[in-house]
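> Sending over a structure as structure tokens; questions will come in a sec.
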Amino acid sequence: MKALLLVDESQDKIAIREMEIPKPGANEALVQIKAAALNHRDQWCRIGMYPGIKYDTVLGSDGSGVVTLLGEGADAGWMNKEVIINPNIDWGPDEAAQHTAYHILGMPTNGTFAEYVVVNTDRLMEKPAHLGFTEAAALPLGGLTAYRAVFTKAKIEENQKVLITGIGGGVAQFAYQFTAATGAQVYVTSGSQNKIDQIINHGATGGFNYKNDNWAKEALKETGGFDAIIDSAGGESMNDYLKIIRPGGRLVHYGSTTGAPKKLDMFRLFWSQASIHGSTMGSDSEFVKMIEFVTSHSIVPIVDSVRGFDDIVSAFDDMHVGKQLGKLVITI
Ligand SMILES: NC(=O)c1ccc[n+]([C@@H]2O[C@H](COP(=O)([O-])OP(=O)(O)OC[C@H]3O[C@@H](n4cnc5c(N)ncnc54)[C@H](OP(=O)(O)O)[C@@H]3O)[C@@H](O)[C@H]2O)c1
């Protein structure tokens with residue numbers, strides 16, 4: 001089968017190679033991948049900025065496909081089912097945080113950028129009927145991360161004012177869609193006016209360009225501040241967020257693309273009664289709830305582009321420069 005491996009032998013660090021189709025062990029399923037999607041972790045792995053780099057691993061955490069073979073003891077009901085894959089491995093029993101054994105499909109375990117992947121059957125869920133394979137493949141990692149950030153951490157409810165930063169991002173677009181589905185008023189930031197315009201056409205109330213030095217001032221003037229801000233950039237923007245969060249508001253961070261701020265305005269933090277929450281992926285029960293939410297609200301992931309497997313490296317390159325609005329999907 002064809003697979004995209006993380007390799008330590010080319011300038012690119014990723015290469016399509018031929019390998020044996022894996023065999024499912026006890027309670028495992030072989031899934032023929034129909035579509036897969038990129039997450040920023042794939043690009044972090046490619047540039048060596050993800051912990052525990054293991055070369056010669058198949059990358060890819062998101063995938064949808066069909067079960068074609070089952071290992072010993074696996075429930076025969078999964079055979080030929082159209083599925084999506086929960087990329088969590090060993091979250092553990094604590095809803096508050098993942099176990100130390102926790103890892104994510106697609107490094108160190110072989111992932112979805114291949115014609116076939118083997119996963120335990122407890123990682124499978126039936127593909128939501130309203131989504132095709134390409135849309136379903138966009139959902140797992142980004143949808144799960146957004147679900148926990150929006151509901152468990154930010155506790156978004158109807159009528160709240162919410163800012164989702166970096167709307168071009170895969171997770172951000174789910175955070176936008178989930179927040180909008182609750183009836184909250186959603187504003188976004190982006191480094192691209194074109195992306196802001198597109199998301200306003202999609203239903204967002206407004207947007208601000210984070211490359212403009214005065215964006216936080218403008219946002220405060222236009223909105224009066226936000227009940228919650230959901231962000232993956234971090235960096236110096238943290239102090240802007242503290243200026244525009246309403247008293248008692250929640251800042252939720254699921255990433256730190258621009259690193260840590262040099263200093264944090266501690267006075268604003270405690271005086272505003274704001275709280276800062278870290279959020280990572282989500283538990284297995286949140287994965288189930290996320291799929292139910294997507295199904296009941298008929299949410300269709302925003303897919304930036306769909307390309308064939310032979311063009312997968314170009315999708316990594318697009319993600320590196322942040323060209324996309326929504327998910328970069330690969331058909332396999
Ligand atoms: N903790 C977790 O479980 C978890 C899960 C998923 C992702 N993450 C992390 O979250 C981040 C985003 O992941 P992703 O897969 O959604 O990535 P992505 O699709 O590559 O999106 C990245 C987006 O970040 C935005 N951005 C860049 N600089 C920014 C800034 N200064 N202020 C605000 N936004 C900025 C850009 O938005 P515009 O294009 O609109 O400017 C860009 O499109 C990555 O750091 C990733 O590692 C963490």
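> The range 122-139 to the range 302-327: how many Å between their Cα centroids?
19 Å
> Residues with amide H under 5 Å of Val119's amide H, sequence separation 5 or more or different chain, H placed in the peptide plane at 1.01 Å from N; which?
Placed amide hydrogens put Ala29, Val31 under 5 Å from Val119.
> Exceeding 18 Å between C-alpha atoms, which entries from my cross-link table qualify? They are Lys81/Lys127; Lys34/Lys81; Lys161/Lys221; Lys195/Lys327; Lys2/Lys34; Lys195/Lys221.
Long pairs (Cα-Cα over 18 Å): Lys195/Lys221.
> Provide the packing ranking of 181-187, 139-145, 82-88, 206-212, i.e. peptides ordered by the mean count of other C-beta atoms within 10 Å per residue, highest first.
My ranking of the peptides, most packed first, is 139-145, 82-88, 181-187, 206-212.
> Taking every alpha carbon pair in the range 197-322, what does the distance histogram look like in 10 angstrom bins from 0, in percent?
10, 30, 35, 21, 4, 0
> What net charge do the residues around Pro140 carry, taking every other residue with its C-beta under 15 Å from that of Pro140, with Lys and Arg at +1 and Asp and Glu at -1?
-2
> Further question: How large is the charge dipole for the range 144-278, taken about the Cα centre, if only the Cβ atoms of Lys, Arg (+1) and Asp, Glu (-1) carry charge, to the nearest 20 debye?
Here the size comes out at about 280 debye.
> Something else now. Give me the tail of P(r) for the chain as a percent: Cα-Cα pairs with distance above 30 Å.
For the chain, the share of Cα pairs beyond 30 Å comes to 34 percent.
> Something else now. Which whole-angstrom value gives the distance between the alpha carbon centres of the range 56-76 and the range 214-271?
40 Å
> Taking the Cα of Trp44, stepping 7 Å toward and past its beta carbon, and measuring to each backbone N in the range 274-296: which are under 11 Å?
It comes to 280-281, nothing else.
> Still on this structure: Residue by residue through the range 137-142, what is 3J(HN,Hα) from phi via Karplus (6.51 cos²θ - 1.76 cosθ + 1.60, θ = phi - 60°)? Round to whole Hz and write x for glycine and proline.
Residue by residue, the range 137-142 yields 5, 6, 7, x, 5, x Hz.
> Return Ser237, Ser285, Ser61 ranked ascending by Cβ neighbour count within 10 Å, so the fewest neighbours appear first.
Ordered from fewest to most neighbouring Cβ atoms within 10 Å, Ser237, Ser285, Ser61 come out as Ser285, Ser237, Ser61.
> Helix-only estimate, please: 222 nm mean residue ellipticity of the chain, summing -39500 (n - 2.57) across DSSP H runs of length 4 or more and dividing by its residues, to the nearest 500.
Per the formula, -7500 deg cm²/dmol.
> Take each of the peptides 94-107, 264-277, 22-35, average the number of other beta-carbon atoms within 10 Å over its residues, and list them starting from the highest.
In decreasing order of mean packing, 94-107, 264-277, 22-35 become 22-35, 94-107, 264-277.
No lab work stands behind these numbers, since they all come straight from the coordinates. Note that the structure is predicted; figures quoted are calculated from it, not measured. Using ideal geometry, Cβ is built from the backbone for each residue, glycine included, and neighbour counts are taken over all protein chains shown.
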